[in-house]
Every structure is written in C-alpha cells, then in structure tokens.
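Peer 1: Handing you a structure now.
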Amino acid sequence: GESVGLHLPTLSVQEGDNSIINCAYSNSASDYFIWYKQESGKGPQFIIDIRSNMDKRQGQRVTVLLNKTVKHLSLQIAATQPGDSAVYFCAENMRDDKIIFGKGTRLHILP
Amino acid sequence: DAGVTQSPTHLIKTRGQQVTLRCSPKSGHDTVSWYQQALGQEPQFIFQYYEEEERQRGNFPDRFSGHQFPNYSSELNVNALLLGDSALYLCASSFLPPRGPYNEQFFGPGTRLTVL
C-alpha cells in the first residue's frame with residue numbers, strides 16, 4: 001500500500017554533531033523522494049529531493065541517501081545548529097502529483 | 001514575490017457548523033493542493049485543483065469540498081464539522097504541467113481549525 005514511515009518520533013542531538021534521520025517506505029512507484037522541514041507554526045519547507053535512480057544526493061549541510069533494495073531513506077544534517085530544530089518528514093512524490101508524507105521525526109538540539 | 005498565503009490563521013468552530021478556508025497560490029502558480037495535518041501527525045492529501053476543477057482526491061468524505069477561482073486562488077469548505085476535523089489545513093501551490101522533473105509544491109503556513 002501507500003505508506004511512508006519513520007523509525008523514531010524524536011531525535012536529540014548535541015549542537016555541532018551530525019544528525020541522521022531515517023525513513024522507511026513501502027511504495028516503489030514514485031520517481032522522487034523528498035525531505036521536508038516543518039518548524040512550529042509553519043508549513044513544510046522543502047530541504048532536498050532525490051530521484052529514485054540515485055543513491056545519494058548532497059546539498060548545503062544535508063545529504064540524502066536512498067537504498068531501494070531495503071526501501072530506506074535517510075537525511076544527514078552536518079554540524080547541527082539550533083535552527084535545525086523542527087519536525088522532519090520524508091515524502092514520496094507520486095506520479096499523479098500528490099505527495100504522501102511519512103510520520104515525521106522531531107529533531108531536538110541539545111546545547 | 002509573495003509565497004503561498006492562507007486565511008484565516010486560526011479559526012474556532014463548533015460541531016455541525018460549516019467552515020471555509022482560503023488560499024492564494026505563489027505568484028505564477030496555477031495548481032492548488034490541500035492537506036490536513038492533525039496534531040502530531042503528517043499531512044494527509046485532501047484534493048488538488050487545476051483549471052478550476054478537482055483534479056484528484058484523497059480519502060476524505062464529501063463533507064470536504066473545494067473551489068478554484070479564475071485567479072487560481074482556492075477555497076476549502078468543510079460541512080457538518082466533527083471534532084476530528086480539528087487540524088492544521090495546509091495549502092500548497094505548484095505548476096501543471098510541472099516545469100521541473102516533478103510537481104514541486106510550495107506550502108503555505110496553514111490555517112489552524114479547532115472544532116469544539
């Protein structure tokens with residue numbers, strides 16, 4: 001069925017350390033997977049995407065890894081900063097143009 | 001360049017009432033999608049409007065309806081409100097057909113609906 005989920009609801013990371021947020025999905029029909037950041041009181045904000053035929057993509061301080069064999073996505077944030085505190089969602093862009101979101105992980109930055 | 005705007009920011013209604021939420025897409029966008037996000041949950045797709053018609057719909061009852069105007073703005077209407085309709089309602093805008101590899105959607109800040 002269509003479901004994209006996350007392993008951990010909350011992740012606490014020391015400021016300056018790297019964060020790794022994981023996601024499992026079950027639908028293999030999508031061409032693109034997307035990570036969103038949602039801060040309190042705001043809508044989801046695009047962070048990075050990856051095409052299904054890639055296994056890694058890097059952005060500014062973020063890297064997304066895709067393992068289609070085990071249907072697993074991860075988001076790595078380097079040198080985590082207080083401004084990275086938010087809920088992170090992995091999502092699947094379906095071929096009919098709707099977005100299916102995963103359950104979300106709250107990233108908490110420890111001082 | 002204005003992003004996606006939504007109104008009102010917050011709204012309180014009672015069970016059985018009807019509500020209308022509004023969305024103005026990002027400048028130049030012609031497609032609007034609506035999502036419901038219950039507290040602590042992920043957004044769930046409600047429906048998408050393009051060329052003033054409902055293009056596709058998620059698993060939501062007919063109490064949820066919408067409209068798109070010639071200027072591409074959109075309304076979400078919910079009739080016979082239930083307590084379970086309390087949520088953040090997100091609007092996202094995009095281009096169709098996509099101008100990139102997929103239909104990248106830009107989200108507004110949402111309208112927080114509380115049903116008492």
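Just so you know, all these numbers are worked out from the coordinates, no wet-lab data involved. In this text the structure is predicted, and so the values were computed from the model without any measurement. Here the Cβ positions follow ideal geometry from the backbone for every residue, glycine too, while neighbour counts run over all protein chains shown.
Peer 1: Any idea what the relative contact order of chain B is, in percent, if you count C-alpha pairs under 8 Å spaced at least 6 apart? Let's see the in-between values first.
Peer 2: Details: 301 pairs, mean separation 41.5, N = 116.
So the answer I get is 36 percent.
Peer 1: Moving on to the next point. Taking amide H atoms as placed 1.01 Å from N in the peptide plane, list the residues 5 or more away in sequence, or in a different chain, whose amide H sits under 5 Å from that of B:T5.
Peer 2: B:S24
Peer 1: Calculate the spin-label point distance for B:N79 paired with B:N59, positioning each point 7 Å from the Cα along the beta-carbon direction, and give it in nanometres.
Peer 2: 2.4 nm
Peer 1: Further question on the same structure: Amide H to amide H under 5 Å from B:F47: which residues, 5+ apart in sequence or cross-chain, H placed 1.01 Å off N in plane?
Peer 2: Excluding prolines and chain starts, which carry no amide H, the hits are B:W34, B:G58.
Peer 1: Report Rg (one decimal) and Dmax (nearest whole number) for region B:40-108, counting Cα atoms only, units Å.
Peer 2: That works out to 13.0, 39 Å for Rg and Dmax.
Peer 1: Let me ask something else. Across peptide B:94-102, what mean number of C-beta atoms from other chains lies inside 10 Å of a residue's C-beta?
Peer 2: Details: counts 2, 0, 1, 1, 2, 0, 2, 5, 11.
Mean partner shielding for this stretch: 3.
Peer 1: Let me ask something else. Which FRET efficiency value, to the nearest 0.05, is calculated for A:S26 and B:F69 with the Förster distance at 41 angstrom and r the Cβ-Cβ distance?
Peer 2: Numbers: r = 37 Å, r/R0 = 0.91.
FRET efficiency, A:S26 to B:F69: 0.65.
Peer 1: Can you tell me the length gained on complete extension of the stretch A:N67 to A:S52, counting 0.36 nm per residue apart and subtracting the Cα distance?
Peer 2: Working: separation 15, 0.36 × 15 = 5.40 nm, distance 0.91 nm.
Once the chain is fully extended between A:N67 and A:S52, it gains 4.5 nm.
Peer 1: With the convex hull built on the Cα atoms of chain A, state its orientation-averaged projected area in nm².
Peer 2: Details: hull surface 26.4 nm².
Mean projected area of the Cα convex hull: 6.6 nm².
Peer 1: A further question follows. Quick one: how many lysine pairs in the protein assembly as shown have C-alpha atoms under 27 angstrom apart, if they're 8 or more apart or on different chains?
Peer 2: 20
Peer 1: Still on this structure, I have one more. Restricting to bridges with both residues inside the protein assembly as shown, how much of the DSSP beta-bridge set is antiparallel, in percent to the nearest 5?
Peer 2: Numbers: 71 of 80 bridges.
For the protein assembly as shown, the DSSP antiparallel bridge percentage is about 90.
Peer 1: For region B:2-69, what's the relative contact order in percent, using C-alpha pairs closer than 8 Å and at least 6 residues apart? Before the final figure, lay out the partial values.
Peer 2: Working: 85 pairs, mean separation 14.3, N = 68.
That works out to 21 percent.
Peer 1: What share of all Cα pairs of the protein assembly as shown, in percent, falls into each consecutive 10 Å distance bin?
Peer 2: With 10 Å bins starting at 0, P(r) equals 8, 33, 35, 20, 4.
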